[in-house]
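Reviewing the structure listed below.
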């Protein structure tokens, strides 16, 4: 009579009178299989995830070693399988309890089943966890489940605390150190208590409160002054593109404005003011540098720059409708139009056009372009005695000599009278009767004087060959 095998672990049962002389070997194999079933541990490395219709197998073979007989089975892989792994215990009529550890990489779950696959009869073990799984051996409808499903414990020790109960208690009245609360109880408790809470807040002036259960806390900006924007858990507070300041603005460091700035009050800056757009100010007080790249318009009031503040340079157009007084240096590289008086006590250097409709007073005037004077008024040139002439004269200088009541100019290394000094309504041309400065009548030139004439000591009059000096 042949041997038979136990249902759950495939242990060989020797028939009566069989295996004479070899039954001891079979018994030893059986004892080894029983030992594996009781405390055996095996690691199964999966090479593919399998599917519900074509799963990996965990077999229990009759009378021989097999992975499914072990008490502890650890599932691993050499690399991520790319999907949830499926494993079927065979045969489907074996009743078995197995400790299963999911060590699959890639956070892949492990699905165990025994009979024909049915999602309601399988058991899923998340990655990195261990479960005690029983297979009920019910054939094609066999079920795999956790041994501790619906388990009852007198207490559960977690660390140094023993948990004896899980309470469904909405008001948390028992205050037990050994009980846990259900999710429903926690939600009810929080809802009941948060509803009664307010958020109190205070501003520079005034206070307020927000009911956290039914109201929204709003951070509001002010038109053209402050704007706010909310996203997720963040509130951003900033300035809008156009900012209006209705009172004084005090800046203790650099202020750079890349668009129009309009201020109706006083503006005081102790640092640098840089403006690339239009700027309209009632009063501007700057103790540092002020750089203007665009138009700079001064209306009816005066524009005064003290010498202690340094030089004033305008790179664009300067339009002033009031008086302008500068005690430093005026440098203009663009067109400048003044509709009232301009007074400069320092040097004035112009590389472009300066237009002034009022009086203009300058101690030194330098222009690299042409000078045009319009209107029906007059231009007053510097005046002084002969002794007050420049110690370093340059060709092209023009002045009025008060010693001899003559306009004079410097050319070819000498001062000379400028014509147009006729008296008696233009009837009499007057010349000095003393030659007090050396002079050379150059080739191609002649001269005449009304005598008598006296040549001062140390002074010479040189007449070039072929030229004449006639004294009448």
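Considering (1) at pLDDT below 90; (2) more than 60 Å from the chain's Cα centre (by Cα), the lone condition that residue 396 does not fulfil carries the number (2). Could you go through the stretch 128-147 and let me know if any residue there is in the same structural domain as residue 51 (by TED's automatic domain parsing) and over 25 Å from residue 66 (Cβ atoms). Yes, some residue in the stretch 128-147 is in the same structural domain as residue 51 (by TED's automatic domain parsing) and over 25 Å from residue 66 (Cβ atoms).
Conditions (1) assigned to a loop (DSSP other than H, G, I, E, B); (2) touching a strand residue (DSSP E or B) at 6+ places or on another chain (Cβ under 6 Å); (3) at pLDDT 90 or above; (4) within 30 Å of residue 96 (Cα to Cα), marked per residue:
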| site | (1), (2), (3), (4) |
| --- | --- |
| 115 | yes, no, yes, yes |
| 145 | no, yes, yes, yes |
| 150 | yes, no, no, yes |
| 190 | no, no, no, no |
| 215 | yes, no, no, no |
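A quick yes/no check of all residues on (1) under 24 Å from residue 81 (Cβ atoms); (2) surrounded by 15 or more Cβ atoms within 10 Å (Cβ to Cβ):
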{"residue": "106", "(1), (2)": "yes, no"}
{"residue": "115", "(1), (2)": "yes, yes"}
{"residue": "138", "(1), (2)": "no, no"}
{"residue": "190", "(1), (2)": "no, no"}
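Output yes when any residue across the stretch 175-187 is within 18 Å of residue 57 (Cβ to Cβ) and in contact (Cβ under 8 Å) with a residue 12 or more places away in the chain, and no when none is. Scanning the stretch 175-187 turns up no residue that is within 18 Å of residue 57 (Cβ to Cβ) and in contact (Cβ under 8 Å) with a residue 12 or more places away in the chain. Checked against the criterion of being assigned by TED's automatic domain parsing to the domain that holds residue 102, surrounded by fewer than 14 Cβ atoms within 10 Å (Cβ to Cβ) and out of contact with any strand residue (DSSP E or B) (no Cβ under 8 Å at 6 or more places or on another chain), the stretch 157-168 has no qualifying residue. Taking the residues in the stretch 387-397 that are in contact with a strand residue (DSSP E or B) (Cβ under 6 Å, 6 or more places away or on another chain) and surrounded by 13 or more Cβ atoms within 10 Å (Cβ to Cβ) as candidates, determine which candidate is nearest to residue 357 (Cα to Cα). Once the filter is applied, the top-ranked residue is 397. When residue 101 is tested against (1) more than 30 Å from residue 29 (Cβ to Cβ); (2) under 56 Å from the mean Cα position of the chain (by Cα); (3) modelled with pLDDT of 95 or more, exactly one condition is not met: (1).
The values are calculated or read from the model by the stated rules, or taken from the named source; none is laboratory data. Being a predicted model, the structure only gives us computed values, none of them experimental. Please note: Cβ atoms are built from the backbone with ideal geometry, for glycine as well, and neighbour counts cover all protein chains shown.
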